[in-house]
Every structure is written in C-alpha cells, then in structure tokens.
Amino acid sequence: RNRKAAYYKDEDINLQVVIKMNRIDYAAAKVRKKPENFFEETHIEIREMVSKEKIIERDLVNNSTKMSFYDGVYFSTIKSGTLRPGFSYILSISSMLDGSIYNHPDEFIFKVLEK
C-alpha cells in the first residue's frame, strides 16, 4: 500500500504493508472465505539494486527495523536523507516464525531522486 516507483531525497518514505496468511492445511469444511491477518514480528531490509549492498540491514537485536502493527497493517518510515539519491533500492520484508526468519517472496523496487 502507499508505494510509489520513486521518492525524492527530502521525502520520508512511509511504508504500509498488509500480510495475509492463506493456509492450505485446513480441512475442506473449515476453509475460510478470507485469509487470516498475519501477526508476527516483521522487519524491513533495503539493498541497493545493482550492487546488492545492504543499506538497511534487518536488526533483530535493537529492533530498529521492526515494523509497527495496527488494525491489520504494518507500518514503517524511512526518514529522508537515509538513502542516497540516484540509486534504485530493493525493499524486502521478513518475519519471525517459530524462532526462524521467513523472507516474504514479494519485494518492492523503487528509486530515490535528487529533485
């Protein structure tokens, strides 16, 4: 949600992520019509697209990359000036599941522009 293909260097990047769990292990009589909300500890990680250098690395110690959760939506903000302009970045989302890190398959690519 709320994503754009490009952001300006002096613009905060406000992320909103909705994660739904589709379980395949339900018995046929118990299949739910809507997927369940996902309520696990979730973090962001950002890499520069060409070099794959980690610019913001997942932080499980201080939780500086942990997303906030409210009403079914995860939130996080990347402050302006954090990412260098003129580069493209890959945003990855991961969650803690049963003590292990699960990397969600969808990634988001965006550019940071000078002006």
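A short reminder: the numbers here are calculations on the coordinates, not readings from a lab. Quantities reported herein were computed from a predicted structural model and do not represent experimental measurements. FYI the Cβ positions are ideal-geometry reconstructions off the backbone, even for glycines, and counts take in every protein chain you see.
Packing here is the average count of other Cβ atoms within 10 Å per residue, and on that basis the peptides 104-110, 14-20, 38-44, highest first, run 38-44, 14-20, 104-110.
What does the charge add up to near L60, with Lys and Arg as +1, Asp and Glu as -1, over the other residues with Cβ less than 12 Å from its Cβ? That sum, taken over residues with Cβ under 12 Å, equals -2. When the C-alpha to C-alpha distance is required to be over 21 Å, the pairs from K54/K115; K79/K111; K20/K79; K66/K115; K20/K54; K20/K111 that qualify are K54/K115; K20/K79; K66/K115; K20/K54; K20/K111.
Positive contributions from Lys and Arg (+1) and negative ones from Asp and Glu (-1), summed over other residues with Cβ under 15 Å from the Cβ of D10, come out at +3. Other residues whose C-beta falls under 12 angstrom from the C-beta of F108 contribute a net charge of +2, scoring Lys and Arg +1 and Asp and Glu -1.
Compute the label zone of E48 within the range 84-100: residues whose backbone N is under 11 Å from the point 7 Å along Cα-to-Cβ. Under cut-off, by backbone N: 84-89.
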